[in-house]
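Q: Before we start, here is the structure in question, set down as structure tokens.
The values are calculated or read from the model by the stated rules, or taken from the named source; none is laboratory data. All of these numbers come straight from a predicted model, not from anything done at the bench. Glycine gets a Cβ as well: all are built from the backbone with ideal geometry, and neighbour counts include every protein chain shown. We work out accessible area using only protein heavy atoms, side chains counted, and drop any ligands, DNA or RNA first. Shrake-Rupley method; radii C 1.70, N 1.55, O 1.52, S 1.80 Å.
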Amino acid sequence: MPRTLRDVVFVDGVRTPFGKAGEKGMYAQTRADDLVVACVRELMRRNPGLPPERVDEVAVAATTQIGDQGLTIGRMVALLSGLPASVPGYAIDRMCAGAMTAVTTTAAGIAFGSYDVVVAGGVEHMGRHPMGEAVDPNPRLVAERLVDPSALSMGATAENLHDRFPHLTKERADAFAVISQQRLAAAYAAGKVQPDLVPVAVRSAEQGWGLAVADEPPRPGTTMDGLASLKTPFRPHGRVTAGNAAGLNDGATACLLASAEAADALGLTARMRLVDYAFAGVEPEVMGVGPVPATEKLLARTGLGIEDIGLFEINEAFAVQVLAFLDHFGIADDDPRVNPWGGAIAVGHPLAASGIRLMNQLARHFEEHPEVRYGLTTMCIGMGMGGSVLWENPHHPDYGTEDDAR
């Protein structure tokens with residue numbers, strides 16, 4: 001039985017405010033699954049035309065799938081969110097690109113015709129579940145020299161990237177970090193970030209109940225002088241610091257995807273169209289360069305060039321990783337098309353949740369820039385991978401017409 005692929009659209013996306021991981025963080029006594037439940041409930045509230053029983057799947061990503069991030073968290077979230085028992089769910093893991101993969105995997109199901117509407121999300125409570133908790137890497141990885149030992153430390157891989165590209169200096173990384181903080185502060189001041197934040201009730205045994213309404217990690221007063229004095233924890237006299245890298249964070253994201261036909265029938269707004277996506281592998285010890293081959297693969301398949309991309313949301317796991325991408329494609333470090341509201345260095349990076357934050361923001365940028373037809377969300381992935389997703393802007397005058405892109 002032949003099938004015709006269907007267009008997939010991004011309908012809506014939300015996230016919790018991101019918190020600092022640890023005992024003093026605002027989510028220290030809040031469960032991880034409750035964070036993503038808050039996002040799913042908000043999506044349903046914001047889209048009252050969507051009957052809950054029309055949700056065909058709930059895919060939720062977490063990097064550390066134990067405790068309150070385990071037990072097939074997608075199914076648990078579906079039940080806890082009040083969706084009908086008939087709505088299935090599953091868990092997914094691709095480390096930092098977990099939520100991105102939840103989107104691309106379920107979107108493929110929509111395109112194939114197996115789903116009409118899905119919820120995709122991601123969560124990471126790094127305070128409860130530190131990166132690498134309970135993992136047991138096969139000793140053959142290092143003993144048989146399949147990977148360099150540094151591949152198992154994300155900070156060390158960033159230092160390796162500095163080694164590989166010595167012109168990407170610490171000073172450039174620090175300057176990029178300052179821009180990230182400044183852009184996020186400006187976006188907050190203009191009220192651009194707040195519409196997609198889900199207030200979360202938080203509890204502290206010492207302080208009682210509270211409400212998380214804003215991101216905890218930003219440091220808007222960051223300066224080059226301040227960054228210059230920070231320690232380099234991954235290597236003596238290194239270049240990676242807490243100031244030019246994303247922190248350890250807690251948070252969750254979720255989005256609604258649908259077929260274009262289902263969105264029209266249900267009165268849901270298509271905020272972006274998914275054009276295509278690609279994942280690629282690189283040497284694990286320089287995992288930060290992963291977005292480069294992923295994007296090259298994507299562009300080659302769609303027939304577009306980097307000059308056709310008008311907006312970029314690049315996850316800032318480390319400043320050097322973003323700089324490597326920009327340098328490869330001939331884009332300036334301070335290009336206004338790149339992370340217009342800042343990035344993970346300022347706002348935080350709760351691992352598996354971050355991919356949908358990029359998509360949320362790109363959808364908002366599209367609304368402000370109808371002259372931009374295509375935008376890219378891309379990120380590096382632990383153990384040597386990169387992922388890139390290409391989106392089309394429905395506000396562009398040529399939206400929906402034939403072009404070189406799928």
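Q: Return the pairs, sorted by first residue and then second, in which the second residue is assigned to a helix (DSSP H, G or I) and charged (D, E, K, R), the first residue lies in the range 133-148 and is touching a residue at least 60 places away in the same chain (Cβ under 8 Å) and under 20 Å from Val282 (Cβ atoms), the beta carbons are less than 9 Å apart, and the residues are 6+ apart or on different chains.
A: Val147/Glu285; Asp148/Glu285
Q: Among all residue pairs at least 6 apart or on different chains, which show Cβ distances below 7 Å where the first residue, located in the range 193-219, is assigned to a strand (DSSP E or B) and the second is at pLDDT below 95 and loosely packed, with under 12 Cβ neighbours inside 10 Å?
A: Short answer, once both residue conditions are applied: Ala201/Trp209; Arg203/Trp209.
Q: Filter the range 264-292 down to the residues that are small (Gly, Ala, Ser) and either open to solvent by less than 20 Å² (accessible area, probe 1.4 Å) or not in a helix (DSSP H, G or I) (or both) and list them by number. Full working, then the answer.
A: Going residue by residue through the range 264-292, those that are small (Gly, Ala, Ser) are 265, 267, 270, 278, 280-281, 288, 290.
If the condition is that a residue be small (Gly, Ala, Ser) and either open to solvent by less than 20 Å² (accessible area, probe 1.4 Å) or not in a helix (DSSP H, G or I) (or both), then Gly267, Ala270, Ala278, Ala280, Gly281, Gly288, Gly290 are the ones that fit.
Q: Under the condition of being touching a Lys or Arg at 6+ places or on another chain (Cβ under 8 Å) and open to solvent by less than 20 Å² (accessible area, probe 1.4 Å), which residue from the range 178-196 is nearest to Pro340 (Cα to Cα)?
A: If we take residues in the range 178-196 being touching a Lys or Arg at 6+ places or on another chain (Cβ under 8 Å) and open to solvent by less than 20 Å² (accessible area, probe 1.4 Å), then Gln181 is nearest to Pro340 (Cα to Cα).
Q: Any residue at all in the range 42-65 that is open to solvent by 40 Å² or more (accessible area, probe 1.4 Å), out of contact with any Gly (no Cβ under 6 Å at 6 or more places or on another chain), among the aliphatic types (A, V, I, L, M) and not in a strand (DSSP E or B)?
A: no
Q: Going through Met100, Met95 one at a time, which residue ends up being open to solvent by less than 10 Å² (accessible area, probe 1.4 Å), touching a residue at least 40 places away in the same chain (Cβ under 8 Å) and hydrophobic (A, V, I, L, M, F, W, C)?
A: On the way: Met95 fails: open to solvent by less than 10 Å² (accessible area, probe 1.4 Å).
Matching residue, one of Met100, Met95: Met100.
Q: Which numbered condition in (1) under 21 Å from Gly343 (Cα atoms); (2) assigned to a loop (DSSP other than H, G, I, E, B); (3) among the small types (Gly, Ala, Ser) is the only one that Gly238 fails?
A: Status for Gly238: all satisfied but (1).
Q: For Ala111, only one of the following conditions fails: (1) under 30 Å from His369 (Cα atoms); (2) assigned to a helix (DSSP H, G or I); (3) free of Cβ contacts under 8 Å to residues at least 12 places away in the same chain. What is its number?
A: (3)
Q: Here's something else I'd like to know. For the structure I just gave you, tell me whether His129 is under 18 Å from the mean Cα position of the chain (by Cα) and over 30 Å from Arg273 (Cβ atoms). Step through it out loud before you land on a result.
A: On the way: under 18 Å from the mean Cα position of the chain (by Cα): no; over 30 Å from Arg273 (Cβ atoms): yes.
Against the criterion (under 18 Å from the mean Cα position of the chain (by Cα) and over 30 Å from Arg273 (Cβ atoms)), His129 does not qualify.
Q: Given Thr232, Thr241, which one is closer than 15 Å to Met154 by Cα and open to solvent by less than 10 Å² (accessible area, probe 1.4 Å)? Can you show your working first?
A: Details: Thr232 fails: open to solvent by less than 10 Å² (accessible area, probe 1.4 Å).
Just one listed residue meets the conditions, Thr241.
Residue-wise test of (1) more than 13 Å from Val389 (Cβ to Cβ); (2) crowded, with 23+ Cβ neighbours inside 10 Å; (3) hydroxyl-bearing (Ser, Thr, Tyr); (4) over 21 Å from the mean Cα position of the chain (by Cα).
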position: Ala294; (1), (2), (3), (4): no, yes, no, no
position: Thr302; (1), (2), (3), (4): no, no, yes, yes
position: Glu307; (1), (2), (3), (4): yes, no, no, yes
position: Leu311; (1), (2), (3), (4): no, yes, no, no
position: Ala317; (1), (2), (3), (4): yes, yes, no, no
position: Gly330; (1), (2), (3), (4): yes, no, no, yes
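Q: Then there is this: Can you pull out every residue in the range 121-146 that is out of contact with any Leu (no Cβ under 6 Å at 6 or more places or on another chain) and among the aliphatic types (A, V, I, L, M)?
A: Matches in the range 121-146: Met131, Ala134, Val135, Leu141, Val142, Ala143, Leu146.
Q: Does Arg406 satisfy the condition of being in contact with a helix residue (DSSP H, G or I) (Cβ under 7 Å, 6 or more places away or on another chain) and either open to solvent by 10 Å² or more (accessible area, probe 1.4 Å) or modelled with pLDDT of 95 or more (or both)? Don't jump to the end; show me each part of the working.
A: Numbers: in contact with a helix residue (DSSP H, G or I) (Cβ under 7 Å, 6 or more places away or on another chain): yes; either open to solvent by 10 Å² or more (accessible area, probe 1.4 Å) or modelled with pLDDT of 95 or more (or both): yes.
Criteria met by Arg406.
Q: Got a number for residues in the range 79-91 being on the phi < 0 side of the Ramachandran plot and touching a residue at least 40 places away in the same chain (Cβ under 8 Å)? First the steps, then the outcome.
A: First pass over the range 79-91, keeping only residues on the phi < 0 side of the Ramachandran plot: 79-81, 83-91.
Filter again for touching a residue at least 40 places away in the same chain (Cβ under 8 Å), leaving 80-81, 83.
Total meeting the criteria: 3.
Q: So, of the residues in the range 210-250 that are of a type in the set (Ser, Thr, Tyr) and touching a Ser or Thr at 6+ places or on another chain (Cβ under 8 Å), which turns out to be nearest to His125 (Cα to Cα)?
A: Step one: filter the range 210-250 for residues of a type in the set (Ser, Thr, Tyr), giving 222-223, 229, 232, 241.
Keeping just the survivors that are touching a Ser or Thr at 6+ places or on another chain (Cβ under 8 Å) gives 232, 241.
Working: Thr232: 24, Thr241: 22 Å.
Residue satisfying both the conditions and the ranking: Thr241.
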